[in-house]
Amino acid sequence: MSSLTVKNLKKSFGSTQVLKGIDLSIEAGQFLTLVGPSGCGKSTLLNIIAGLETPSTGEVWIGDRNVNRLGPKDRDIAMVFQNYALYPNMNVRKNISFGLEMRKVPKGEQDRIIDRVARMLQIEPLLDRKPAQLSGGQRQRVAMGRALARDPKLFLFDEPLSNLDAKLRVNMRAEIKELHQRLGTTIVYVTHDQIEAMTLGDRIAVLHNGEVQQFGSPSDIYENPANRFVAGFIGSPSMNFIPCEVTGSPVSGYGLTMVSEGREFVLKTGADLQSRIGKTVILGIRPEQITHVMASHLEEPFTCAATCPVHLCEPTGPDTLVTTSLNQTKVLARVRPDAAGLLGQDMELMFDLSKAVFFDPDTGSRLGLPLDRAA
Amino acid sequence: MIDRLPGEASQPLARAAIYACLVGTAMYFLAPLLVMALTSVKSMDEIRDGNLLSLPLEPTLAAWAKAWAKMRGFFWNSLLLVVPAVAISTAIGSFNGYVLTKWRFRGSETLFGMLLVGCFIPFQAILLPMARALGQFGLAGTTAGLVAVHVIYGLAFTTLFFRNFYMGLPDELIKAARIDGAGFFTIFWRIVLPLSPPIVVVCVIWQFTQIWNDFLFGVAYSSGESQPITVALNNLVNTSTGVKEYNVDMAAALLAALPTLIVYVLAGKYFVKGLTAGAVKG
């Protein structure tokens, strides 16, 4: 178990810059998820931490050791791959013991470790099978067993669940989290799935275009996104982005003008938008902050109701997603199923702007932190 | 395999036509082999009297015995040539393929491209320079020299085979092995080679056939007692002295063709499988 620090890491392939100066640091025992769309450089970053690729510049520290000059085998790491990368010619037992054998662990010790790992992951009946005879979930377990066998300082996971079907993925996700809590190991976990990132990580780094867009705790990233990219990437369904004009003054408070099928109304906000009065900003509001009207909430300062047309209803079970339109933008609301309006009719929606965020329409950067939080 | 499409089943006539066509073609290709086999077990008198396709009245293996006596030494020459040449060219091809796919370096693609050109160089173009080179290394007229020629000429093909096969092996296998602590050679020996049998079979069949059937290199770079069987066969058939013994010629030709035939019969289905195998599932 060890801490991990990445300092000003850059990587170029020819003239394309894949990583543009990455700085990250986690403490021993923390679970870091690297999340971003495909091509954002997250796998390259993981490969550099593993020593499988060399950075153009920058440093990687595992614990108090600079490992830049060390090969993958000397970094005391283990890695689980997306396609599991089990050796097809070896049975499960050999797959797990191969790394031990390479490190000249005595045979008796090897057997003890295999037993321990197999018990922990419940793969004892599979030990004599070849990878081709295993199901996807079983391969996944074996791949994790291979990583666990060596008891390394740092675990690296490269999208380990993306080849599994939806249900198995949820189960394995929980198991990985449980394993982490039980063993307390340091883990770096790459995924493009923001739900995996949110549920697993102590710390999340959102990567895009080779840069860390935001590095923080899951709740921080969800509630206080640094820019429009992070806000849109994290959360499902995605945050609504509504362009709107700012009215009001510092004294009376600020309002946002909304137009929906000819009806105009103003949403009040507590954010400091003084510099934007009379201009357009992007309102970022999550679907769960637009709901059916709950009378008890209407008294809160930045909550108000408005009549909106229902363009689409998508029942998910616990909630129904209602699509409406504001300022010619598609807007998603999350309402209680029995409160959902009928298709083509109007329904009253309640907007809670206490957690709303604002972005510059051109740069996508965050604007006007909420007054209460800025104070 | 012809899968029956809907509607096709009700056309027995078309089906019959297809089979007739296939059988006819097969017979056309097999006829020469049949004539050779028939002729080789006839006596010279019978050959002179009968026609090509008539069955032998008194089958005899005398011609085979005579042919074997004449060809035996050269048969072993060919075997001594083929076994090391196939083994070495396959081994190096496999190693080349491993490096070119899993340990790429700056210019490795260019190197591979240049190596590919080797597949398109005709035999005749390298005859003279190769003869000179063999002379300078003191290998002219030796079996070792001929092995070297076949290894060098075959490398382009074997490298191509293995490289394309290893492209289908996931890179993660190599990464996982590196993290597990295995080095360059250990990975090759313990992970990559054990996954290679399908392509090894392809490569061995290809090289065996090429080298066993080669005539030009054999006639150019070997002499007298060290000649391979193809050259010896040519000498036997083309003798201008004495009576032409067609039955012995045919038996000798069949002897010369037998090993490649056996290899195909034994490993033919792996050949097709290996050629089409892209990736190893696992």
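Some observations on this one:
- Local electrostatic count, B:Leu116, Cβ distance below 11 Å [Lys/Arg +1, Asp/Glu -1]: 0
- Each of A:Gly201, A:Asn68, A:Leu32 was scored by the projection of its Cα onto the charge dipole of the stretch A:4-233, and the greatest displacement toward the positive side belongs to A:Asn68; charges sit on the C-beta of Lys, Arg, Asp and Glu.
- Exposure proxy order (Cβ contacts within 10 Å, fewest to most) of A:Cys244, B:Cys119: B:Cys119, A:Cys244
- Cα centre as origin, Lys/Arg/Asp/Glu Cβ charges: the protein assembly as shown dipole, Debye: 1940 debye
- Summing charges over neighbours of A:Phe265, with a neighbour being any other residue whose Cβ is under 14 Å away from its Cβ, gives -3 when K and R count +1 and D and E count -1.
- Normalised contact order of the stretch A:228-375, rounded percent, pairs of Cα under 8 Å and 6 or more residues apart: 27 percent
- Computed from Cα atoms, the angle from the helix B:12-40 axis to the main principal axis of chain B rounds to 70 degrees.
- Applying the criteria of a DSSP loop state and at most 14 other Cβ atoms within 10 Å to the trypsin sites (Lys or Arg not before Pro) of the stretch B:89-128 yields B:Arg104, B:Arg106.
- Order of A:Thr320, A:Thr54 - criterion: other Cβ atoms within 10 Å of each residue's Cβ, fewest first: A:Thr54, A:Thr320
- Low-density loop positions, trypsin sites (Lys or Arg not before Pro), the stretch A:198-299 - DSSP coil, at most 11 other Cβ in 10 Å: A:Lys279
- The calculated FRET efficiency for A:Ser296 paired with A:Asn8, based on their beta-carbon distance and R0 = 45 Å, is about 0.35.
- Along chain A, longest interval not containing exposed GluC sites (Glu not before Pro), exposed being DSSP loop plus at most 14 other Cβ atoms within 10 Å: A:28-260
- Rounded if a/c under 1.5, otherwise prolate or oblate - chain B, Cα gyration tensor axes: oblate
- The stretch A:240-374 - charge dipole about Cα centre, Lys and Arg +1 at Cβ, Asp and Glu -1, debye rounded to 20: 300 debye
- Counting, for every residue in A:84-93, the Cβ atoms of other protein chains within 10 Å of its Cβ and taking the mean gives 5.
- Candidates B:Met167, B:Met27, B:Met36, ranked by Gaussian network fluctuation over chain B, Cα under 10 Å, top entry: B:Met27
- Rounded to the nearest 20, the Cβ-based charge dipole of the stretch A:4-233 about its Cα centre (Lys and Arg +1, Asp and Glu -1) stands at 660 debye.
- A cut-off of 5 Å between modelled amide H atoms, ignoring neighbours fewer than 5 places along the same chain, links A:His208 with A:Gln213.
- Most mobile listed residue (A:His297, A:His311, A:His192) in chain A, GNM with C-alpha springs under 10 Å: A:His297
- Over chain A, Cα pairs under 8 Å with separation of 6+ residues give a relative contact order of 15 percent.
- Note on the protein assembly as shown: antiparallel DSSP beta bridges, both residues inside, total approximately 75 percent of the bridges counted.
- Extension gain for the segment B:Ile126 to B:Lys244, taken as residue separation times 0.36 nm less the Cα-Cα distance, is 39.0 nm to one decimal.
- Exposure proxy ranking for A:Arg182, A:Arg103, based on other Cβ atoms within 10 angstrom of each Cβ and starting from the fewest, stands as A:Arg182, A:Arg103.
- Note on A:96-103: average number of Cβ atoms from other chains within 10 Å of each residue's Cβ is 4.
- Global size of the stretch B:92-217: 16.7, 50 Å for Rg and Dmax (C-alpha atoms, Rg to one decimal, Dmax whole).
- Candidates B:Ala87, B:Ala65, B:Ala148, ranked by Gaussian network fluctuation over chain B, Cα under 10 Å, top entry: B:Ala65
- Only helical runs count toward this figure. For chain A, summing -39,500 (n - 2.57) over DSSP H runs of n ≥ 4 and dividing by all residues gives -7000 deg cm²/dmol at 222 nm.
- All-pairs alpha carbon distance profile, the stretch A:17-133, 10 Å steps from 0, percent: 11, 33, 31, 21, 3
- Between the listed residues A:Pro225, A:Phe359, A:Ile22, the Cα displaced farthest toward the positive end of the dipole of chain A, a dipole computed from Cβ unit charges relative to the Cα centre, is found at A:Ile22.
- Summary value for the stretch A:65-165: 49 percent relative contact order, contacts being C-alpha pairs under 8 angstrom separated by 6+ residues.
Values in this text are rule-based calculations from the coordinates and carry no lab data. It should be emphasised that the depicted structure is a prediction, and the values quoted were computed from it without experimental measurement. Every residue, glycine as well, gets a Cβ built from its backbone with ideal geometry; the counts of neighbours run over all protein chains shown.
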